[in-house]
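Read through the structure below, which is laid out as structure tokens, and then see the notes.
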Amino acid sequence: MKRIIFTIIFFISLITFVSKAQIPYFSGTVGDGRLYGYTSVKFRPGINAQETYTAFQYGIGDHFATGLDLYTSGGTAYTGFLVRGGYKFSKWLGTGVQATPSFDLKDNFKFSYFTGGLYLNGNISENGKFFWCSNTWFGINRGTADTYMNWEYLGMNIPVGRNRSISPMIGAIHSWKFDQDVDLALGMYYSVNSWNFYIWGNDLLKRNPRVVIGIDFSLNTF
């Protein structure tokens, strides 16, 4: 237990972030020997502002994972090398951290930003049908201002069949500096066995809201 807590504190001291997604991240890692994959497209109806994000992670033990990600937007493309840790203390509280240095694929692989986050989540009800989630993001960025963001979500799990469920969520995104309006975000994911299908949105009160469509999976590799 002491080793796990020390490792989590160590990663927290490293984490930074540039905000590029809105779906919630949970504390658990993919699991020992399992492969996790996620891909999404983000767009704003009415304007030309497409983004994509893809990540793969491999579980090392029950509490750690490592992997790669790729982010593109317009004429930019960045890849990152990520490390992730997570531990579930009880059904009411789980915590995880992630650290990812990212590099510019269109500028000789130069270091561009260091990303990371602190994940907290747990049950609200005993049976887990109601739950909460918080993501805290920090960012140190080359050539631009640092960022400090937080996302808070409330969710509900609705079973719709064997190994199938729908989970609607609603929450807020805001800067820890509180130098801009708090942003409303909502969405849902549909779970089928080891697959999740996402539709998400934020900037809902603006002229061109942001829409995220994504899919993830986790598979045994042996």
- Quickly run through the range 105-138 and pick out the residues that are touching an Asp or Glu at 6+ places or on another chain (Cβ under 6 Å) and crowded, with 21+ Cβ neighbours inside 10 Å. 112
- Could we say that residue 25 is modelled with pLDDT under 95, surrounded by 15 or more Cβ atoms within 10 Å (Cβ to Cβ) and of a type in the set (Ser, Thr, Tyr) here? yes
- Out of all the residues in the range 139-161, which are over 21 Å from residue 97 (Cβ atoms), in a strand (DSSP E or B) and open to solvent by 70 Å² or more (accessible area, probe 1.4 Å)? 154, 159, 160
- Query: For the range 3-16, does any single residue satisfy the condition of being open to solvent by less than 50 Å² (accessible area, probe 1.4 Å), at pLDDT below 95 and under 14 Å from the mean Cα position of the chain (by Cα)?
  - Reply: yes
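Being more than 18 Å from the chain's Cα centre (by Cα), in a strand (DSSP E or B) and of a type outside the set (A, V, I, L, M) is the filter here; which residues of the range 162-202 pass it?
Within the range 162-202, 164, 165 qualify.
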- Can you give me the number of residues within the range 55-75 that are more than 18 Å from the chain's Cα centre (by Cα) and of a type in the set (A, V, I, L, M)? 1
- Query: What about residue 95, is it surrounded by fewer than 18 Cβ atoms within 10 Å (Cβ to Cβ), in a strand (DSSP E or B), of a type in the set (Ser, Thr, Tyr) and touching a residue at least 60 places away in the same chain (Cβ under 8 Å)?
  - Reply: no
- Scan the range 82-135 residue by residue and report those that are of a type in the set (S, T, N, Q) and out of contact with any Lys or Arg (no Cβ under 6 Å at 6 or more places or on another chain). 90, 95, 100, 102, 108, 115, 121, 125, 127, 134, 135
- Message: Restricting to the range 204-222, give me the number of residues that are without any contact (Cβ under 8 Å) to a residue 24 or more places away in the chain and open to solvent by 70 Å² or more (accessible area, probe 1.4 Å).
- Response: 2
- Message: Between 79, 66, 54, which is β-branched (Val, Ile, Thr), modelled with pLDDT of 95 or more, in a strand (DSSP E or B) and open to solvent by less than 30 Å² (accessible area, probe 1.4 Å)?
- Response: 79
- Note on the structure: Residue pairs within 6 Å by beta carbon, gap of at least six or interchain, first lying in the range 39-50 and touching a residue at least 60 places away in the same chain (Cβ under 8 Å), second open to solvent by 70 Å² or more (accessible area, probe 1.4 Å), listed first then second, are 41/213; 43/50
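The values are calculated or read from the model by the stated rules, or taken from the named source; none is laboratory data. Bear in mind that the values here come from a model prediction, so they are computed numbers and not experimental data. Every residue, glycine among them, receives a Cβ derived from its backbone with ideal geometry; neighbour counts consider all protein chains shown. Quick note on the areas: whole protein, heavy atoms, side chains included, nothing else; ligands and nucleic acids left out. Shrake-Rupley method; radii C 1.70, N 1.55, O 1.52, S 1.80 Å.
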